[in-house]
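Here the structure is laid out as structure tokens; the discussion comes afterwards.
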Amino acid sequence: MPRVKPEAPREERSGFPAPGEAEPHPAASGALWEKFLSRENLAAALRRVEQNAGAPGVDGMKTTELRSWLSDHWPEVRAALDAGTYRPQPVRRVTIPKPSGGERELGVPTALDRLIQQALSQVLTPVFDPGLSERSFGFRPGRSAHQAVKRAQRDIAEGHEWAVDLDLDRFFDRVQHDALMARVARRVSDKKVLKLIRSYLEAGVMADGVKQPSEEGTPQGSPLSPLLSNVYLDDLDRMLERRGHRFVRYADDITIYVGSKRAAQRVMASTSEFIEQRLKLRVNRGKSAVDRATRRTLLGFGFFKRGGEIKVRIDPKARKRAKDRLRRLTSRRWGISMERRITSINRFRRGWTAYFALADTPSVFEELDEWLRRRLRQVRWKEWKKIRTKHRNLMAAGIPYGKAYEWANSRRGYWRIAGSAVLTRGLPNAYWREQGLLGFTDPYGRLRDATRTAGCGPARPVVWEGPG
């Protein structure tokens, strides 16, 4: 695109209203489009895109390069948007492993398209979010996975002990464009906004250098997709509410809680029919199930009874994934300093503990700490390498000469030595605290105390990565 003449004032080049200039009321004709392209909205969207970073799209532009590119090219982009001739570039297809196995396909938009979609999402969220169900928790301002789990916990405690766990097969790939646009048009009448949303749905996918048309679906990974998914599934929420069901929905994860197995089977059949006939989606019969609520998991958590109360536990699969991640961070083959290693562990620990602090199982965090320290003792033992170094360091740690000599010459394996009384005494918990290891147990206790004091979950919900 041609560069803008240097003499053009910045206000003219930006296309934003001048500071203090009154904006039209959102309910007025065309006001949504103007609000979408307002200086404040675009500036907020740009900051969000820069903060989120992420990989480049098909054009190779990084988010760090977007601001300077816009200073030269925004007038042409703005003109194309206003004229209705702007055409989004196809998303770049990437695949990432799912925590539960298999692969998930993501669509990576270009940095410019991320900006425009983010700006659209910011003006559309106040239009749609207030009308969404109270039992929808995913990708909504002021809502979190913790709230969804707590809502489910209350439903189970009130006697709805059977769960209808519905899995939508490749939801983001199967959304019908016409059906989605019809639902968007219920609340949005601005034709420019509707046309731009449609253009993003039909932008296509670039895979292995070949552009493929997108006749259905909304790319998972784009800023607009979470909002559109909630708009599309709101009909399902309303149907469940009309029938008086207790349920929680987090994006395309749906669990309905009922009082008996027979009722659960009926609900499974009727809800599956609604999803497939009315929403034109597919229910994954292999992953969907009817079972006791205490046998099913929700967003990395499970439930159990203790003393007549329903408590929250951590899904064993989430614990396994956490250990898998920590194994990589404590691998003896990873040749980095202990300081860098502990920094990486602490970074992972911070997010994982904040998310799972909702669980009523402190023993899980204590066991994880014991296991982690033993892994680190293995690393330290290998770092000492030579017999004389091991002997000297054990004696410096307070181990008697004879014992230190015996263990320094031991041919036992790393894991056995790391669990021995000698190395546990020589490298105690206090030693690892001095090294900067924060662990899981103490932060969990502090987060639990803060939760009880506040009477709610952590103030800043942590994004769940499926965890581990």
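Before moving on, here are some points about what is shown:
- Length added when fully stretched, Lys287-Ala182, from 0.36 nm per residue minus Cα-Cα: 34.8 nm
- In the chain, the calculated helix contribution to ellipticity at 222 nm averages -16000 deg cm²/dmol per residue, counting -39,500 (n - 2.57) for every DSSP H run with n ≥ 4.
- Pairs of Cα atoms farther than 21 Å apart, region 367-456, %: 38
- Per residue, the chain exposes 51 Å² of accessible surface when a 1.4 Å probe is rolled over the protein heavy atoms with every protein chain present.
- Residues Lys192, Lys211, ordered by accessible area of protein heavy atoms at a 1.4 angstrom probe radius and largest first, appear as Lys211, Lys192.
- Rounded to 10°, Cα long-axis angle of helix 39-52 versus longest principal axis of the chain: 30
- Stokes-Einstein diffusion coefficient of region 269-413, Kirkwood radius over Cα pairs, 20 °C, 1.002 mPa s, in µm²/s: 110
- Ligands, DNA and RNA excluded, the heavy atoms of Phe139 present near 110 Å² of accessible surface to a 1.4 Å solvent probe.
- For Trp371 and Lys311, the FRET efficiency from 1/(1 + (r/R0)^6), where r spans their Cβ atoms and R0 equals 22 Å, is about 0.45.
- From the largest down, region 295-375 spans 49, 19, 19 angstrom on the principal axes of its Cα atoms.
- Relative contact order, percent, the chain [alpha-carbon distance under 8 Å, six or more residues apart]: 15
- Region 296-420 - percent relative contact order, Cα under 8 Å, separation 6 or more: 21
- Mean separation of Cα contacts under 8 Å, 6 or more apart, over the residue count of region 149-262: relative contact order %: 42
- Put Arg154, Arg347, Arg313 in order of accessible area, highest first, and with a 1.4 Å probe you get Arg347, Arg154, Arg313.
- Estimated Rh, the chain: Kirkwood, alpha-carbon pairs, angstrom: 25.8
- Percent of alpha-carbon pairs separated by more than 19 Å within region 99-194: 64
- Mean Cβ count within 10 Å, highest first, over the residues of peptides 244-252, 113-121: 113-121, 244-252
- Overall, the accessible surface of region 157-259 at a probe of 1.4 angstrom is composed of carbon and sulfur to the extent of 44 percent.
- Taking each of Lys191/Lys287; Lys261/Lys323; Lys191/Lys280; Lys192/Lys287 in turn, the alpha-carbon distance tops 29 angstrom for Lys191/Lys287; Lys261/Lys323; Lys192/Lys287.
- Treating r as the C-beta distance of Leu438 and Lys385 and R0 as 25 Å, the FRET efficiency rounds to 0.35.
- With a simple spin-label model that places each label point 7 Å from the Cα along the Cα-to-Cβ direction, the separation between Asp449 and Ser199 comes to 5.5 nm.
The values are calculated or read from the model by the stated rules, or taken from the named source; none is laboratory data. Note that the coordinates shown come from a computational prediction; the quantities given were computed from them, not determined experimentally. Please note: Cβ atoms are built from the backbone with ideal geometry, for glycine as well, and neighbour counts cover all protein chains shown. We work out accessible area using only protein heavy atoms, side chains counted, and drop any ligands, DNA or RNA first. Shrake-Rupley method; radii C 1.70, N 1.55, O 1.52, S 1.80 Å.
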